[in-house]
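Below is one structure, written out as structure tokens; the observations come after it.
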Amino acid sequence: EDFAGTAADTERLLGHAAETGRDVGPYALYFVITGETEAEAQAKWDYYREGADLEAIAFMTGQANLDVSGSTAAKITELQNIFAFNIGKIVGSHASVARQLDELARINGLKGVMCIFDDFIAGTEDFGRHVMPLLRSS
């Protein structure tokens, strides 16, 4: 995952905060999908993405017709890619997820990361058991 957008947004927010004299603490929001391996985590993400309710997404994003800007297949792919509504994603093995979170922690001024897990109980427990011990940043 490329975190340049998060870094740029954080920098821009801190610039505005400095102009106003306010103390702010930006947090980033990311889906966290883990697996024993990269392939297992990616398979989970693909399963969720492929199961996206395209009609609901089209309605929510104002797309009335799948063929508005091209083939139905292209439109379905586009809608599937936005099903997470522009929330970042961190998908990977436990070690990969820990490395990516450590990379986010190095963004100057970012106060923390809010995580959304695919399954609240299992995802939280998996994160606590397998990812947290690998983090260099806490």
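Summary table
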{"quantity": "Contour minus Cα-Cα distance for A43 and I116 (0.36 nm per residue)", "calculated": "24.5 nm"}
{"quantity": "Under 5 Å, built H, 5+ apart or other chain: amide partners of A28", "calculated": "G112, V113, M114"}
{"quantity": "Sequence of V32, V24 when ordered by accessible area, the most exposed leading, probe 1.4 angstrom", "calculated": "V24, V32"}
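The values are calculated or read from the model by the stated rules, or taken from the named source; none is laboratory data. Nothing here was measured: the structure is a model prediction, and the numbers come from that model. Note: areas computed on protein heavy atoms with side chains; ligands, DNA, RNA excluded. Shrake-Rupley method; radii C 1.70, N 1.55, O 1.52, S 1.80 Å.
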